[in-house]
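Okay, so here's the structure we're looking at.
Bear in mind these aren't lab numbers, they're just calculated from the coordinates by the rules spelled out. Not measured: the values here are computed from a predicted model. Glycine also receives a Cβ, built like all others from the backbone with ideal geometry; neighbour counts cover every protein chain displayed.
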Amino acid sequence: MIYLDNAATTFPKPESVYTSMDECMRTYCANPGRSGHKMAIESARAVEDSRSLVAKLFNIDNPMNVVFTFNATDSLNLAIKGFLNPGDHVITTTMEHNSVLRPIMELEKIGVEHTFVQADTEGFVNPKDIESSIKENTTLIVTTHASNVVGTLVDIKEIGEIAKKHNIKYLIDASQSAGIYDIDVKAINANMIALPGHKGLLGPQGTGILYVEDEIRLRSQREGGTGSQSEEIVQPDLYPDKYESGTHNTPGIVGLGAGVEFILSTGIDKIREHEEYLSQYMIDEFLKIPGVKLYGPKDSKKRAAVIAININDVDSGEISFRLNSEFDIATRSGIHCAPLAHKSIGTLEQGAVRFSLGFFNTKEDVDKAIEALKKISSDYVK
């Protein structure tokens, strides 16, 4: 199969991810931080090694500010629900994933106000619109870095500067950008960043990360055993223990560390340049196909490698089904858990077919997708 669904989860993973997880499971996968025997100590060391690698990738001074979660959704829920209080006001955008929108809507029930800043039809968000939405009780700004629908990049540096200027905390959803774009937490004034382990970071599913700066103390969303301060019946207030109750996904975290190590050794610029090249080639060729409507920027430097299209008014699910069944090409159709984004670009009813490229895709993969789309389009465009 030609796998073009990397925005959902990357595939394949680097070989080192598979081998490191297998070694962990077979040789030392005891419970980290709970016991004093050598297998448990080795497990704990492996978890902390991965934490340090993540800190290195994002220029985080203290690895203890790296919290391991189960996915980006888990990270976003912890950040949003753990930070906001009744009477607070939060600003976000119409390009967000439901993992941002739904926690915010849930908090509306307890008196948290929100503003959804409208994006344009290409998915661009004007930072000035965010600044003009600030109120006296605004305590948090939340934005994606790259749209999971059309890939449009958000100017997180300018928004970070706006947040800092107004003494407001800034949370970034880097689900589609981490591991592909250079993210320096100090350079962009990010107070919190939510990350999936299984997308651009090339780790396995069931892994996530939340970076939280020192001065923020989130309310934990899960209490229990941490292996620290076990004589107390209240949750410890230590980073990252406060947010990591229960047994770690040790093999997953080990695999995540191997993915990050692959990125560091390969070079993030090389990864990004490869994806930009393939994206631009795919965009240019798709635009030549009769009936194809392509959404978002036409310049690959203004978007992640996430390309959404439709063919005339044909249901997006039908196109994705045909790509899979007739051409063995994996894509995703529909609303992509981002209804306001689809409303912004005008595809809420039809949805869109999403082609998402990864580092292990090739020009040959893109050529086959182009030829497949030409054949499918010819059946609908006369």
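Counting Lys and Arg as +1 and Asp and Glu as -1, what is the net charge of the other residues whose Cβ lies under 12 Å from the Cβ of M105?
So the surrounding residues net to -1.
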Two-site label geometry, E223 and K298: point separation in nm, points 7 Å out along Cα→Cβ = 5.8
Highest GNM mean-square fluctuation, the chain, Cα pairs closer than 10 Å: which of E131, E15, E122?
-> E15
Compute the distance in nm between two label points, each set 7 Å from the Cα along the Cα-to-Cβ direction, one at V234 and one at E349.
-> 5.7
Normalise the Cα radius of gyration of the chain by 2.2 N^0.38 Å (N = residues in it) and let me know the number.
-> 1.01
Under a plain spin-label model, where a point goes 7 Å from the Cα along Cα-to-Cβ, how far apart in nm are D61 and K288?
-> 5.3
Charged-residue dipole, Cβ positions (Lys, Arg, Asp, Glu), the chain about Cα centre, Debye nearest 20 = 220
Calculated [θ] (222 nm, deg cm²/dmol) that DSSP helices of n ≥ 4 give over the chain, each run adding -39,500 (n - 2.57) = -12000 deg cm²/dmol
Distance in Å, no decimals, from the C-alpha centre of segment 118-175 to the one of segment 228-291 is 21
Could you tell me which of rounded, prolate or oblate describes segment 36-91, using a ≥ b ≥ c as the square roots of the eigenvalues of the alpha-carbon gyration tensor, with rounded for a/c under 1.5 and, failing that, prolate when a/b is larger than b/c and oblate otherwise?
-> prolate
If you line up the long axis of helix 363-380 against the longest principal axis of the chain, both from Cα atoms, how many degrees apart are they, to the nearest 10?
-> 50
Neighbourhood net charge (13 Å Cβ-Cβ; Lys/Arg +1, Asp/Glu -1) for E213 | +1
Add +1 for every Lys or Arg and -1 for every Asp or Glu among the other residues with Cβ under 14 Å from the Cβ of V314, and state the total.
-> -1
Taking a ≥ b ≥ c as the square roots of the eigenvalues of the Cα gyration tensor of segment 291-330, is the shape rounded (a/c under 1.5), prolate (a/b larger than b/c) or oblate?
-> oblate
Proximal lysines to K164, defined as alpha-carbon separation beneath 22 angstrom and excluding residues fewer than eight positions away on the same chain = K81, K128, K135, K186
Considering only lysines 8 or more places apart in sequence, or on different chains, count the pairs in segment 242-363 whose C-alpha atoms sit under 26 Å apart.
-> 19
Let me know the whole percent of all Cα-Cα pairs from segment 118-272 that are separated by more than 22 Å.
-> 51
Using 0.36 nm per residue, how much length does the chain from S378 to A30 gain when fully extended, once their Cα-Cα distance is taken away?
-> 119.6 nm
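Sorted by average packing, counted as other Cβ atoms within 10 angstrom per residue and highest first, what order do 69-81, 301-313 take?
69-81, 301-313
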Computed Rg/Rh of segment 293-382, alpha carbon atoms with Kirkwood Rh | 0.95
Would you mind putting 18-28, 208-218 in packing order, based on average other-beta-carbon counts within 10 Å, highest first?
-> 208-218, 18-28
Near the amide H of R303, under 5 Å away, which other amide H atoms are found, from residues 5 or more places off or on another chain, if H is placed in the peptide plane?
-> L153
Along segment 184-190, Karplus-curve 3J(HN,Hα) (6.51, -1.76, 1.60; θ = phi - 60°) to the nearest Hz, with x for Gly and Pro, reads 10, 4, 7, 5, 9, 6, 8
Applying the gyration tensor rule to the Cα atoms of segment 193-253 (axes a ≥ b ≥ c; rounded if a/c under 1.5, else prolate if a/b exceeds b/c, else oblate), the class is oblate
Residue by residue through segment 165-170, the couplings from Karplus 6.51 cos²θ - 1.76 cosθ + 1.60 with θ = phi - 60°, in Hz, x for Gly and Pro, are 4, 9, 6, 10, 7, 10
Can you run phi through the Karplus equation (6.51, -1.76, 1.60; θ = phi - 60°) for segment 319-329 and list ³J(HN,Hα) in whole Hz, with x for Gly and Pro?
-> 5, 5, 4, 5, 4, 6, 6, 9, 10, 6, 10
